């Protein structure tokens, strides 16, 4: 693929579309576009046999990100998945320049995929993530109660990263909260914008 900077564009868009397919509902269009672009990158540099291996490793990384986002929410599998994708891209590149462009494209594409949440309808599966608080009151965690509605409009601080589920500290109590698809780091200020049953919805303040 010449010039080598095309790797940045192709893998950036491919990664953005593939992760975006998991975040927003585009009826598979983003998935097809992303798969085509990523495959184009590998075909340009590798033999047919290695193309298959590279695609498998790349999509294993994506699968790790998906599992972490839907079930675990602790960032571990997301990190491993991203590392797998970056190593696959780097090892498949014919030169260090192409590898650097490709790796940069994957990272920028992954970050840019979050912007799609502002332009397209979010997948319903992210709303189905359970927010039942499994922590005991002895551990300092709040149980579900009617006073949650009094939290609307108040400002707290994330005690754990929100992926998009996590824990917020507010009024010396810990609450399980969820952001509107946005990933937030530990220690960020968030505002409670809505309460629906056991679900406390927050956004970055």
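The values are calculated or read from the model by the stated rules, or taken from the named source; none is laboratory data. Worth saying up front: this structure is predicted, and the values here are computed from it rather than measured. In this analysis, Cβ positions are derived from the backbone assuming ideal geometry, glycine residues included, and neighbour counts consider all displayed protein chains.
Summed over segment 151-196, the residues that are touching a residue at least 12 places away in the same chain (Cβ under 8 Å), farther than 20 Å from residue 69 by Cβ and either outside any strand (DSSP E or B) or in the same structural domain as residue 64 (by TED's automatic domain parsing) (or both) give a count of 6.
Answer yes or no as to whether residue 31 is on the phi > 0 side of the Ramachandran plot and assigned by TED's automatic domain parsing to the domain that holds residue 116. Considered against the rule, which asks whether it is on the phi > 0 side of the Ramachandran plot and assigned by TED's automatic domain parsing to the domain that holds residue 116, residue 31 comes out as no.
Would you confirm whether any residue within segment 63-77 is within 21 Å of residue 99 (Cα to Cα) and assigned to a helix (DSSP H, G or I)? Reasoning before the result, please.
Residues of segment 63-77 that are within 21 Å of residue 99 (Cα to Cα), as a first pass: none.
Within segment 63-77, none of the residues are within 21 Å of residue 99 (Cα to Cα) and assigned to a helix (DSSP H, G or I).
For segment 127-160, filtering for residues that are at pLDDT 55 or above and surrounded by fewer than 19 Cβ atoms within 10 Å (Cβ to Cβ) leaves 11.
The single condition from (1) touching a residue at least 60 places away in the same chain (Cβ under 8 Å); (2) buried (at least 22 other Cβ atoms within 10 Å of the Cβ) that residue 22 fails is (2).
Here is the figure for segment 179-196: residues that are at pLDDT below 90 and in contact with a helix residue (DSSP H, G or I) (Cβ under 9 Å, 6 or more places away or on another chain) total 5.
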